[in-house]
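Each remark here refers to the structure printed beneath this line.
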Amino acid sequence: MQSFHQAFGAAETYSPAEEQFNRRRRTVGMVVSPLVFFGLWLAPLGLAADTQAMAAIMGLVIALWLTEALPIAVTAVLGPMLAIVLGVAPARQALAPFSDPIIFLFIGSFMLAQAMFVHGVDRRIAYTALALPAVGTSPFRILLMYASVCACLSMWISNTATTAMMFPIGLSIIAHLARGARGHQDQVRRYAMAMMLLTSFAASVGGMGTPVGTPPNLIGIGMLEKIVGTKITFFAWMAIGLPVVALLFVYLLLQFYFTSVRGMPAVEGGTALVRSELATLGGITRGQRNVLIAFGVTVLLWVLPGFFALAGQEQSPFARRYAEAMPEGIAAMVGALLLFMLPVDWKARRFTITWDEAVKIDWGIVLLYGGGLAVGELAFSTGLARALGEGITSWLPTQSTLSLTVLFTFAAIVVSEAASNTASANMIIPIAIAVSQSAGVRPIEPVLGATLGASMGFMMPISTPPNAIIYSSGYVPIGQMMRHGIWLDLVAFVVIVVLVMTLGPVLF
């Protein structure tokens, strides 16, 4: 069975044709990006000097994000750096978003996820679920539980990490199935393809369920709060995110049941295989127990305001004071700090996580969020967003809430097929806010549509790291990934627009 780190390394495994495409795209980016920058800076746009400079910076950043000529986190830092150098904004203003409270939500939740990996909590959860008696030898129930674990884990840890962790488990199940289903090799290949695609698709879909499930969620929440002044709580996000996840998850199960699972013979010995893997993990360790305690405390702190609201007490003095004292970022850091305080071996002064282990989080995402928020805020403070919004609005045949939600949901889905989900959110969401404000439409629904749409990207291995991981298995032909991916994109587009337009006005 592949290790977690071997599977995670597969995120950068592409076919020769895709590697060539990536090289050409980066080469184009290195040539086109400076042309975009100087073209916008020197063009007679009739804008103020700082506004035009910001337009050039934003054009450069978008071009670099789309082509990935530079690492996307480096591009995110380049934007505010250029704004300082060109006199668009002073350093204190341009760099302030890097200390935004949501930055600490990223850091705290990433450290909790890292502790899960260090102590094997994620693998224990996966094998425990698959070993349940209700799963048995039914191929469909195995796939159902496997995909459910992918979706549920990805609500709390990154989609890529979830896929990388579940990938070797899926491969071992497929290998066992192939040995026990001789004479049914065509069915086994279809089942293997379904399991691999569900590993990626369920993880990407599950990430939309909570604010910390995937970076685009926090980008949308952060920009709504910083630019629009609308705060979306952890519980409120889940009220719209979970229905999206549930509907898309049901669609995925039905899609793969009728195309790949129906008629598959029972997986004899599958339960024994999973239970033997679970047995090798041994009993639950003190470190695992500590991680679950820290994680449970964090989730409780996140959702308490929602319980106050359900009880009709959200305006009580205690609830208001709690909201001020315990925003989501502080709650995440409380959980992370517990990891350094809960002992694994008190005599040896060993605690749940060490500093060296904790700092192995994805700092690139942290920088990407800060840089994206900085570029977005500077676009609004310089008046560029207003000019851009007015320009785009003048081209639109209709400017209703529905039409803008449809437009930006679709735009985010399309862009996410070519660029990373996080970069897509950073590009589309500020434009959605600017156009909505220019059109006199409240931006919440278009921004929610763009945020959720940015988590799509199912058609190509290069669309997301989870897709690249499962493509490296050899069980997923590129044509099948594109066929299943485009259908999921289309269904997701409809589901997102309908739920955002239905639940958005009620919840926010």
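Region 68-135 and region 434-468 have Cα centres spaced 18 Å apart. What angle, in degrees between 0 and 90 and rounded to the nearest 10, separates the Cα long axis of helix 101-119 from the longest principal axis of the Cα atoms of the chain? Roughly 20 degrees, rounded to the nearest 10.
Each of MET81 and GLU225 was given a label point 7 Å from its Cα along the Cα-to-Cβ line. The distance between the two points is 2.8 nm. Farthest toward the positive end of the dipole of the chain, out of THR27, LEU338, GLY479, is the Cα of LEU338, where the dipole comes from beta carbon charges about the Cα centre. At an R0 of 51 angstrom, the distance between the Cβ atoms of PHE140 and LEU42 translates into a FRET efficiency of 0.25.
Residues in region 105-152 average 29 Å² of solvent-accessible surface per residue, probe 1.4 Å, ligands and nucleic acids excluded.
Just the accessible area per residue of region 333-454, please: how many Å² with a 1.4 Å probe?
Numbers: 4680 Å² over 122 residues.
Value for region 333-454: 38 Å² per residue.
Mind checking the angle between helix 139-154 and the chain's longest principal axis? C-alpha axes, 0 to 90 degrees, to the nearest 10. Roughly 40 degrees, rounded to the nearest 10. Modelled label positions at ARG320 and MET30, each set 7 Å beyond Cα in the direction of Cβ, lie 5.8 nm from each other. Over all Cα atoms in the chain, the spread is summed up by Rg and Dmax: 23.2, 72 Å.
Rounded, prolate or oblate, given the Cα gyration tensor of region 217-354, with a/c below 1.5 counting as rounded?
Oblate, since a/c reaches 1.5 and b/c is not below a/b.
Once you reduce region 301-350 and region 397-423 to the center of their Cα atoms, the two points are 34 Å from each other.
Projecting the Cα positions of LEU218, GLY229, MET111 onto the charge dipole of region 102-229 (unit charges on Cβ atoms of Lys, Arg, Asp and Glu, taken about the Cα centre) puts MET111 furthest along the positive direction.
Can you give the relative contact order of the chain as a percent, counting alpha carbon pairs under 8 Å and 6+ residues apart? Spell out each step's value before the answer.
Working: 801 pairs, mean separation 117.2, N = 508.
In percent, rounded to a whole number, it is 23.
Full extension from GLN185 to GLN313: what is 0.36 nm times the residue separation minus their Cα-Cα distance, to one decimal in nm?
Numbers: separation 128, 0.36 × 128 = 46.08 nm, distance 5.89 nm.
40.2 nm is the gain from fully extending GLN185 to GLN313.
Its Cα centre serving as origin, the chain has a Cβ charge dipole (Lys and Arg +1, Asp and Glu -1) of approximately 940 debye. Solvent-accessible area of GLU328, all protein chains in place: 30 Å² (probe radius 1.4 Å, heavy atoms, ligands and nucleic acids excluded). Using the average count of surrounding beta-carbon atoms within 10 Å as a protection proxy, the listed peptides 106-114, 157-165 rank, highest first, as 157-165, 106-114. Angle check, please: helix 384-395 long axis (alpha carbons) against the longest principal axis of the chain (alpha carbons), in degrees 0 to 90, nearest 10. Computed tilt is about 80 degrees. Residues SER403, SER204, ordered by accessible area of protein heavy atoms at a 1.4 angstrom probe radius and largest first, appear as SER403, SER204. Neighbours of VAL500, meaning other residues whose beta-carbon lies under 14 angstrom from its beta-carbon, give a summed charge of 0 when Lys and Arg score +1 and Asp and Glu score -1.
For the listed peptides 78-86, 293-301, a ranking on the average number of other beta carbons within 10 Å per residue, highest first, reads 78-86, 293-301.
Could you tally the net charge around ALA432, taking each other residue with its Cβ under 13 Å from the Cβ of ALA432, Lys/Arg +1 and Asp/Glu -1?
Details: positive: ARG442; negative: GLU445.
Residues close to ALA432 contribute a combined charge of 0.
Residue separation of VAL359 and LEU337 scaled by 0.36 nm, minus their Cα-Cα distance, works out to 6.6 nm of gained length. Taking a Cβ cut-off of under 13 Å around SER260, the surrounding Lys, Arg, Asp and Glu residues balance to a net charge of +3, with basic ones at +1 and acidic ones at -1.
The values are calculated or read from the model by the stated rules, or taken from the named source; none is laboratory data. Owing to the predicted nature of the structure, the values given are computational and were not obtained by experimental measurement. Neighbour counts run over all protein chains shown; Cβ positions are idealised from the backbone, glycine included. Please note that ligands, DNA and RNA were not included when accessible areas were found on the heavy atoms of the full protein model with its side chains. Shrake-Rupley method; radii C 1.70, N 1.55, O 1.52, S 1.80 Å.
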